[in-house]
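This report refers to the structure that appears directly beneath it.
The values are calculated or read from the model by the stated rules, or taken from the named source; none is laboratory data. These numbers come from a predicted model, not from an experiment. Because the Cβ atoms are built from the backbone with ideal geometry, glycine has one as well, and the counts that use them run over all protein chains shown. The protein model used for the area step is the full one, side chains on, heavy atoms only, and it has no ligands, DNA or RNA in it. Shrake-Rupley method; radii C 1.70, N 1.55, O 1.52, S 1.80 Å.
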Amino acid sequence: MNLTEEVFSTEEGFDCRNYLPPLRLYYSEYATSLGLSLTVGCAVWLWVTFVFVKVISLIKRHTDKDQVMVLIIANTVYFTVVTFNVVALLIPQVAVVCDIVPFVAFCWCILVFFRYLKESVGGDSVVMALYASKAIEPPPVCPCFRFIYDKKRQLRAIRLGIMQLPVYNSVVASIQLIIFSFDKDLFFDVFYVILPFIITSIVFYVGASVSFIKTVAPLYPDNPIFKRFFLLQLVLIITKPQIIILELIYNLSTFECTLAGEPKVYINLIKQMIIMIELTIVTIFSYKFYTTEQAVGDKKTGVTNAAYEA
């Protein structure tokens, strides 16, 4: 009896859709696919590590001391995500953890970066003056967030929309990880229960973020901070909505198992590869930005604010 047959004989009634084989079987049965994936993954990890080290060097050289740590924290998110991707390839049993933790890390990075973004345009007093003098129309696709565009409570709503993302999702992630550690089958069963709460949090964040950017960015066209914010925002799409869509497609599809855990193994390989390829593209743009525009524009004086020069 070979290893695959042995697993099938001892795993009667297992859920093929969510079943992952033991590591010994995983490494033997998927040696070729895993080898190719890890080759690409290691290449991506080396590239992202190089970009991370290079960008940190440029940040320290061209940015004021009070801004250095914020930008370093923001740029660690790329390295964090790719590192967990490689771990998920090596140990698919912890792929769920490797999906949840980078997203929570992004949420806290975006909060830190938002505070930096707000200060870079003058702080609360300047932002409040902008909201008092500039009226904008809410996006037609999201009338539910019309209250955000009320001048008197816009900044408060934006703060809430940004702050709830890390706090709320940290709580949800903790609940998910606790359930996963005690009962993996229950974790997958409650996926659709938790999903609407995660989507609601993301939508609320997007509404607040769009409001702030649409109001402030046009007034500071030469400020490079918004390009950094845009690159960081792409990580949100890569780490959560895209993963949710892939999981929904997978859960709503029908599979036949020819090897132990085959559907779950391959969806994990595909998911991690997609994320790493997309992050490679994002980090290329990030590297290009920091090695060209920042080196020319900052000149060791931090972010230049057009409003202060007027």
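Here the label points at residue 281 and residue 125, each 7 Å from Cα along the C-beta direction, are separated by 4.4 nm in the simple model.
For region 61-68, the Karplus equation 6.51 cos²θ - 1.76 cosθ + 1.60, evaluated at θ = phi - 60°, returns couplings of 7, 10, 10, 4, 4, 6, 9, 4 Hz by residue, with Gly and Pro reported as x. Accessible surface comparison of 213, 59, probe 1.4 Å, protein chains only, largest first: the order is 213, 59. Here region 23-289 has an Rg and Dmax of 20.3, 65 Å, counting Cα atoms alone.
Think of each Lys and Arg Cβ as +1 and each Asp and Glu Cβ as -1; about the Cα centre, that makes the dipole of region 23-289 roughly 1080 debye. Extending 7 Å from Cα along the Cβ direction at residue 156 and again at residue 230 yields two label points whose distance is 3.3 nm. When 66, 185, 99 are compared by accessible area at a 1.4 angstrom probe, the order from most to least is 66, 185, 99.
Cross-link check: pairs 118/227; 54/214; 118/271; 60/214; 227/264 evaluated at a Cα-Cα cut-off of 25 Å; pairs beyond the cut-off: 54/214; 118/271; 60/214; 227/264. The 3J(HN,Hα) values that the Karplus relation (6.51, -1.76, 1.60; θ = phi - 60°) gives for region 179-184 are, in residue order, 4, 5, 6, 9, 8, 5 Hz. Gly and Pro appear as x.
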